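Data block below; observations after.
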Amino acid sequence: ELAVAMQAGHRVLLVGDHFQLPPTFSDEIKELIKSRFSIGDEFSLFSSDFERIFDSGYGKKVGTTLLRQYRMAPDIGELVSDCFYKGKLEPGRGTPPEYYDLLPEQFSKQVCWVDISTLKEHGIEQTSEKGKDRWNRLEAKVVMELLRLILESDDFIEFLKEDLQPQEPPIGIICMYHKQREIIDQMKAEAPWLGDARRLVKVDTVDSYQGKENRIIIISTVRNNPTFNPGFLRSPNRINVAMSRAMERLFIVGASKMWEGRNSALPLGKVLNKIKSMAAEGKADFLPASQFMVK
């Protein structure tokens, strides 16, 4: 359609962000294309039309970049800007509403990494027989405890409800793997303490979250294995989408040891290093997951 419009002499305005997720191709389609044309995963066909045009000689002449964002609170925006936009993305909004100060003390910062590494071998991921599915049940329990502490902050929740748009779920749980989403969805359905608050919580995979946002985001990274294999979490686009969905609070639940050393240059390694730096400045928290284990 784009080519037809241009050939017809129409002016075309493209708006997008090629640092976030490109079009999704099923594994079957990708394997068929790779086999038929003898190409690899990095072939330009698998990137977006927007990215190809923006990075072309013509795109570099006429393209422009918007450098101010209005979704993320300043500290969340700083994390995303430094890790994915070379520090060029500026905040266009102020700090969260004052009622966020009513959250528990450990949630006082806009950004928080909850470290599964403190659970040692108990926090290792699980995999299906052929390695297609991955999940982390103990990490899911930590996510649910974070959720419980937020939802049982009665004064905070009352102010939050008054601030919501109709049908708006203020809390989003982003899972890096489909199986993890199923497990957390089941835990959510079975949690007796949730009650009517279930409607305040959305659970989905990162690939389904592009273009969406929530006041509070909890990310379940899942990956934690003895070989330090990051899988598709080496994708900067996927990690960027996950980190940039949060408006007021961002909680990342993951194993710090996975993203240190040889994985420190990967997207989550950069996020981890930035959060540690922000924590040293008093702008983020780095907390042990053991703090959120139900006795």
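Here, each number is a calculation from the coordinates, and none is a lab measurement. Keep in mind it's a predicted model, so treat the numbers as computed, not measured. Don't worry about glycine lacking a Cβ; one is built from the backbone with ideal geometry, like all the others, and counts go over all protein chains shown.
Residues being within 15 Å of the chain's Cα centre (by Cα) and either within 15 Å of residue 115 (Cβ to Cβ) or not basic (Lys, Arg) (or both): count how many of those fall in segment 263-273.
Keep residues of segment 263-273 that are within 15 Å of the chain's Cα centre (by Cα), which gives 266-272.
Retained after the next criterion (residues that are either within 15 Å of residue 115 (Cβ to Cβ) or not basic (Lys, Arg) (or both)): 266-269, 271-272.
Residues in segment 263-273 being within 15 Å of the chain's Cα centre (by Cα) and either within 15 Å of residue 115 (Cβ to Cβ) or not basic (Lys, Arg) (or both): 6 in total.
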Subject >> When residues of segment 274-295 are limited to those that are more than 14 Å from residue 110 (Cβ to Cβ), in a helix (DSSP H, G or I) and of a type in the set (A, V, I, L, M), the one nearest to the chain's Cα centre (by Cα) >> reply: 289
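Can you name the strands (runs of 3 or more DSSP E) wholly within segment 164-247 that have at least 3 residues being among the aliphatic types (A, V, I, L, M)?
171-175, 214-220
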Original post:
If you check residue 129 against the conditions, is it assigned to a loop (DSSP other than H, G, I, E, B) and more than 17 Å from the chain's Cα centre (by Cα)?
Top reply: yes
Subject >> Set 233, 160: member being under 20 Å from residue 76 (Cβ atoms), over 14 Å from the mean Cα position of the chain (by Cα), crowded, with 21+ Cβ neighbours inside 10 Å and not polar (S, T, N, Q) >> reply: 160
Subject >> Given (1) within 16 Å of the chain's Cα centre (by Cα); (2) surrounded by fewer than 14 Cβ atoms within 10 Å (Cβ to Cβ); (3) of a type in the set (Asp, Glu), index of the condition residue 196 fails >> reply: (1)
